[in-house]
Amino acid sequence: MNRRGFLSSVGGVAVGAAMPWKAVSQLAEPPLEHRLPSSDSDYQRSKSYIEETPVRQYHWASEAAVEAFNDQKFGLRIHWGIYSIYGKAHESWPFLRMPFEERQAYNHTYKTWNPSGFDADGWMNLCEEAGIKMFAFTSKHHEGFSMFDTKTRVRNRANWTFPDGPKIEECDLAYSIMESPFRRDVVKELTAAAHKRNIKIDLYFSHSDWYDADFRPYGWHPLQVPSSPELLGWKPSDGTTQQFWDSVKKMGLKDIVMAPDPTPEQVKRMVARHRTQLTELLTRYGKIDMMCLDIFWGPRVWPQMRETILKIRELQPDLMLRARGIGNYGDYYTPEGFVPFSKASTKMPWFVIYPLGSSFSYEQDPSKYKGTKWIINNLVDATAKGGNFMLGVGPNGNGEFHPEAITQLKETGKWLKVNGEGIYATRPRPDLLWQEGPDLRFTRSKDQRSIYCIALRWPGSELHLTSLQSKDVASVELLGYPNALEHRWDPVQGLVITIPPELREAAHRPCDYAWTFKIARS
């Protein structure tokens, strides 16, 4: 598809080199590409079996969907599930290290779960106050518990405390929030509340399912099988079979429990349930803007996964799909736990996923929340490089966010009320012009009439910018301050912006943490 837009290239333009505004605005931008960075661990895992170029009948989301995605900038990732009851970090992952008795108890916890503090409107009101434009919610994490009214049924599961050791047993249940005392479709309530406020919706959905034994051994399933190495794509060039099992243990499996290989009927049932649940999510809750897929299945069932992705496209053609587990079929890339050092690391649309606490699930210790300044710095940095920033905050088992997380989100929203013009719906400047030194970041308006310089540290009595020429500048203002700022051109210092004396005291500035200078072109 011939699309413009994500990252610009200006050969040989160095940070600090003054460049006429007209010349910058006329630079051509390369077409958007749907190609994961070669260094991405998920790409490395799947490149041997997922084709580089999707099949001809596939299409990505439209230009309009990509444009809307790139306008959002700030999102909230909400992880909530059975793991929240336990107050443990790292979402479902501790399950793999639990003794068998604890696993059995964990899988029955839903029978008493009644999170009376959950309030979908309250959550979305917090998003509005924090300046959040999109949220992601875990409709189902790896633990297999559905937070929506799924009509699918689990037919096989592990009995972890069987007298002779763990064994697969037959069952017949949805394993969902509707079978708990709570009996409310959380996804339905959240999507309805978001639609009322025009907040974009991203539904997280795990390809893995550690409760449903039909899903063994995919996605670090706690039940492995004799042919796991082959099913998960292990090749002789990767090492010995023992090295494969050592790698599985490194992922956190306390004990490797062997089960029989899945039968063709079980594989068929797995694919059907996975596909049906995705269909439920995309047909019951109105427009869904993004879907955050997670982990992988492997080469043996990639053809079935690919067919599912094609069917998803039929249901909601403009759905933006996360690339995880589906390679270059994805619409967007998600660096996790870091902001890319360079804005040229990928030409896919992207957003950073970064927890505010120690992990994406509920954090009990207030000292581990990273702070408003940290949020704003990372939001500004990601935006300047052309991406979005999604902050991870999980509620507790009762559906309530930590007061410290709420405070930091609201403080960020207060900052965005002043500075949002330089964040939302902006685009990056070309090549290296997204920054000057460690403390200055730049964005631009889509019509190229304005450039925004965001100072991560107060500049003092003057701000010097060497990547702009004074003759191209019509006016300079500080967002939140009512008067225009004086500016002049100096052949050595570049554009020199004079800071009014009354702003030199912190109490008189329009905001804290970072400050946005709007530079209008002549």
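Just so you know, all these numbers are worked out from the coordinates, no wet-lab data involved. Since this is a predicted model, take the numbers as computed values, not measurements. As a convention, Cβ positions derive from the backbone with ideal geometry for all residues, glycine included, and neighbour counts pool all protein chains shown.
How big is the convex hull of the Cα atoms of region 157-301, per residue, in Å³?
Values: hull volume 21.4 nm³, N = 145.
For region 157-301, the hull spanned by Cα atoms encloses 147 Å³ per residue.
Mind counting lysine pairs for me in region 138-201? Cα separation below 22 Å, and the two need to be 8 or more apart along the chain or on different chains. Kindly include the intermediate steps, with their values, before the conclusion.
Numbers: K140/K151; K140/K188; K140/K200; K151/K188; K188/K196; K188/K200.
Close lysine pairs found across region 138-201: 6.
³J(HN,Hα) across region 332-342 via Karplus (A = 6.51, B = -1.76, C = 1.60, θ = phi - 60°), whole Hz, x for Gly/Pro?
My calculation for region 332-342 gives 8, 10, 10, x, 10, x, 6, 9, x, 5, 10 Hz in order.
Using the Karplus curve 6.51 cos²θ - 1.76 cosθ + 1.60 with θ = phi - 60°, work out ³J(HN,Hα) for each residue of region 94-101 in order, rounded to whole Hz, and write x for Gly and Pro.
Per-residue couplings from phi come out as x, 4, 5, 9, 6, x, 4, 4 Hz.
Measure off 7 Å from each Cα along the Cα-to-Cβ vector at S342 and I295, then give the distance between these two points in nanometres to one decimal.
3.3
Using a Förster distance of 25 Å, how high is the FRET efficiency between T276 and H59, based on the Cβ-Cβ distance and rounded to 0.05? Present the calculation step by step, with values, prior to reporting the outcome.
Working: r = 23 Å, r/R0 = 0.92.
It comes out at approximately 0.65.
Pop out the Kirkwood hydrodynamic radius of region 399-472 from its pairwise C-alpha distances, inverse of mean 1/r, in Å to one decimal. The partial results should precede the final answer.
Numbers: mean 1/r = 0.0693 Å⁻¹.
Hydrodynamic radius (Kirkwood, Cα pairs) of region 399-472 is 14.4 Å.
On a 0 to 90° scale, report how tilted helix 186-197 is relative to the longest principal axis of the chain, with both axes built from alpha carbons and the result rounded to the nearest 10.
Rounded to the nearest ten degrees, it is 20.
Restricting things to Cα coordinates, could you compute the convex hull volume per residue of region 92-240 in Å³?
Given the Cα convex hull of region 92-240, per-residue volume reads 153 Å³.
Too long at a 24 Å Cα-Cα cut-off: which of K287/K311; K287/K414; K47/K347; K133/K311?
On the way: K287/K311 16 Å; K287/K414 29 Å; K47/K347 18 Å; K133/K311 28 Å.
Long pairs (Cα-Cα over 24 Å): K287/K414; K133/K311.
So if I place +1 on the C-beta of Lys and Arg and -1 on the C-beta of Asp and Glu, and nothing else carries charge, what would the dipole magnitude of region 21-138 be about its Cα centre? I want it in debye, nearest 20. Please report the intermediate quantities before stating the final value.
Details: 12 positive and 16 negative charges, 75 e Å.
Result for region 21-138 is approximately 360 debye, rounded to the nearest 20.
Please report the relative contact order for region 426-521, taking Cα pairs under 8 Å with a sequence separation of at least 6, and give it as a percent rounded to a whole number. Each step should come with its number before you reach the end.
Numbers: 184 pairs, mean separation 30.1, N = 96.
About 31 percent, as a whole number.
Provide the convex hull volume over Cα atoms per residue for region 66-157, in Å³. Display every interim value, and only then the final one.
On the way: hull volume 14.3 nm³, N = 92.
So the per-residue Cα hull volume is 155 Å³.
Under a point spin-label approximation (7 Å from Cα along Cα-to-Cβ), what is the K446-K196 distance to one decimal in nm?
Here the modelled spin labels are 2.8 nm apart.
Quick one, what does Rg over Rh come out to for the chain if you take C-alpha atoms and the Kirkwood Rh? Walk me through the intermediate numbers first.
On the way: Rg = 24.8 Å, Rh = 24.6 Å.
Ratio of gyration radius to Kirkwood radius: 1.01.
With the contact rule set at Cα under 8 Å and sequence spacing of 6 or more, what percent relative contact order holds for the chain? All intermediate terms of the calculation are to be shown ahead of the outcome.
Values: 1073 pairs, mean separation 106.4, N = 522.
Relative contact order for the chain comes out at 20 percent.
Under 16 Å Cα-Cα from K471, which aspartates and glutamates qualify once same-chain neighbours fewer than 8 residues away are excluded?
The qualifying aspartates and glutamates are E486, D490.
Under 18 Å Cα-Cα from K343, which lysines qualify once same-chain neighbours fewer than 8 residues away are excluded?
Cross-link targets: K73, K385, K446.
If region 175-214 were replaced by its equivalent ellipsoid, with semi-axes equal to the square roots of 5 times the Cα gyration tensor eigenvalues, what would those be, largest first, whole Å? Intermediate values should be presented prior to the final figure.
Values: eigenvalues 123, 50, 3 Å².
After diagonalising the Cα gyration tensor, the semi-axes are 25, 16, 4 Å.
Give me the percent of DSSP beta bridges within the chain that run antiparallel, rounded to the nearest 5. Walk me through the intermediate numbers first.
Numbers: 37 of 69 bridges.
Bridges in the chain that DSSP calls antiparallel: roughly 55 percent.
May I ask you to evaluate 6.51 cos²θ - 1.76 cosθ + 1.60, the Karplus curve with θ = phi - 60°, for each residue of region 421-436 and list the ³J(HN,Hα) values in order in whole Hz, giving x for glycine and proline?
4, x, 10, 5, 6, 9, 9, x, 6, x, 6, 8, 7, 6, 8, 9
What is the set of long-range amide H partners of I168 at a cut-off below 5 Å, with H atoms built 1.01 Å from backbone N?
Amide H neighbours of I168, under 5 Å, 5+ apart: N159.
Length gain on complete extension for the stretch E33 to E265, per 0.36 nm per residue less the alpha carbon to alpha carbon distance? Let's see the in-between values first.
Details: separation 232, 0.36 × 232 = 83.52 nm, distance 3.83 nm.
Additional length available on full extension: 79.7 nm.
In debye to the nearest 20, how big a dipole does the chain give about its Cα centre with +1 on each Lys and Arg Cβ and -1 on each Asp and Glu Cβ? Provide the component values of the computation, followed by the final result.
Values: 65 positive and 62 negative charges, 166 e Å.
About 800 debye.
Sequence-distant or interchain residues sharing an amide H contact under 5 Å with N156, placed H: which?
Amide H neighbours of N156: C171, A213, D214.
With a Förster radius of 56 Å, plug the Cβ-Cβ distance of K167 and K417 into 1/(1 + (r/R0)^6) and report the FRET value to the nearest 0.05.
Numbers: r = 58 Å, r/R0 = 1.03.
Once the sixth-power term is evaluated, E becomes 0.45.
Along the positive direction of the dipole of region 426-521 (beta-carbon charges: Lys, Arg +1; Asp, Glu -1; about the Cα centre), which of I497, N483, C453 reaches farthest?
The residue sitting farthest along the positive end of the dipole is C453.
Name the residue from Q316, I82, F137 whose Cα lies farthest towards the positive end of the charge dipole of the chain, charges +1 on Cβ of Lys and Arg and -1 on Cβ of Asp and Glu.
Positive-end residue among those listed: Q316.
With the crude spin-label approximation of a point 7 Å out along Cα→Cβ, what separation in nm comes out for K368 versus A507?
Roughly 3.8 nm, to one decimal.
Taking a ≥ b ≥ c as the square roots of the Cα gyration tensor eigenvalues, with a/c under 1.5 meaning rounded and otherwise prolate when a/b beats b/c, else oblate, which class fits region 238-370? Don't skip to the end; give the middle numbers.
Working: a/c = 1.58, a/b = 1.06, b/c = 1.48.
Since a/c reaches 1.5 but b/c is at least a/b, the shape of region 238-370 is classed as oblate.
Taking Cα atoms, how many degrees apart are the long axis of helix 264-283 and the longest axis of the chain, rounded to 10 and kept between 0 and 90?
Once rounded, one gets 40 degrees.
Can you list the residues, at least 5 places off or on another chain, whose amide H is less than 5 Å from the amide H of S206, using H built in the peptide plane?
K140
Compute the acute angle (0 to 90°) between the alpha-carbon long axis of helix 241-250 and the principal axis of greatest extent of the alpha-carbon atoms of the chain; round to the nearest 10°.
Helix 241-250 sits at roughly 60 degrees to that axis.
Report, largest value first, the span of the C-alpha coordinates of region 426-521 along each principal axis, in whole Å.
Extents along the principal axes, in whole Å: 35, 27, 25.
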